[in-house]
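Let me begin by presenting the structure, written as structure tokens, before commenting on it.
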Amino acid sequence: MADMVRAINPTATISTADEAKAAARASAIAIFLGVVWGIIGLVWLMGPGAAVMDAALAEAAASSPEAAGMAGMMAGAAVGVAGFMIVIQLILGLVQWFKPNIVIPILFTVLVVYGLGSSALAMVMAGQVDLGAAAAATPAWQTWGGIVLMVVQLVLHIAGIRGANALGKFRNAQAY
């Protein structure tokens, strides 16, 4: 356990292939944290969030009669897409855990930075624009929990990039 805690430190030196592999697996841990958070969000979306989402869709449909019939379909599609993304994350997390590489941590680092930026922009814009029912669609605990999680994930993905890079160097050195 102490080795894993040391490995997820993005400033720790990596001197062995085992340390590099543990650091590369830090990215998989970040992905698994995202899967757990996604499941929590999906449960909320199918439970108490369903009423909030229905109200937001009904408000949007009130201004557009064509959209009125699509509200149920859009709600189902949102749940389906969320479930699909959780499964994709789980698969990529398992790949990163069992066969660490540098591509997955870089991809997720870009996605986390994008998520942090869009969250910050949404918070700024929420004060500028009247969003109506859409503003109440996401509870504060989910917004702030997601931001905290993304910061933790960013640190873990950076450690994963460093570990995967070092692991590649160790593998190349063994090949010669």
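Scanning region 86-95 for residues that are surrounded by 15 or more Cβ atoms within 10 Å (Cβ to Cβ) and under 18 Å from residue 38 (Cα atoms) yields a total of 5. Taking the criterion of being in contact (Cβ under 8 Å) with a residue 12 or more places away in the chain and either of a type in the set (S, T, N, Q) or crowded, with 17+ Cβ neighbours inside 10 Å (or both), the residues of region 45-65 that qualify are 45, 49, 52, 53, 56, 57, 60. Selection of region 3-27 for residues being open to solvent by 80 Å² or more (accessible area, probe 1.4 Å) and part of a helix (DSSP H, G or I) yields 3, 5, 6, 18. Condition first: open to solvent by 40 Å² or more (accessible area, probe 1.4 Å) and assigned to a helix (DSSP H, G or I). Now tell me which residues in region 96-115 satisfy that. Listed by number, the residues that qualify are 97, 98, 103, 106, 107, 110, 111, 113, 114.
The values are calculated or read from the model by the stated rules, or taken from the named source; none is laboratory data. Note that the structure is a prediction, hence the values are computed from the model and not measured. Methodologically, a virtual Cβ is constructed for each residue, glycine included, from the backbone with ideal geometry; neighbour enumeration extends over all protein chains shown. Remember, those area values only see protein heavy atoms, side chains included, never the ligands or the DNA or RNA. Shrake-Rupley method; radii C 1.70, N 1.55, O 1.52, S 1.80 Å.
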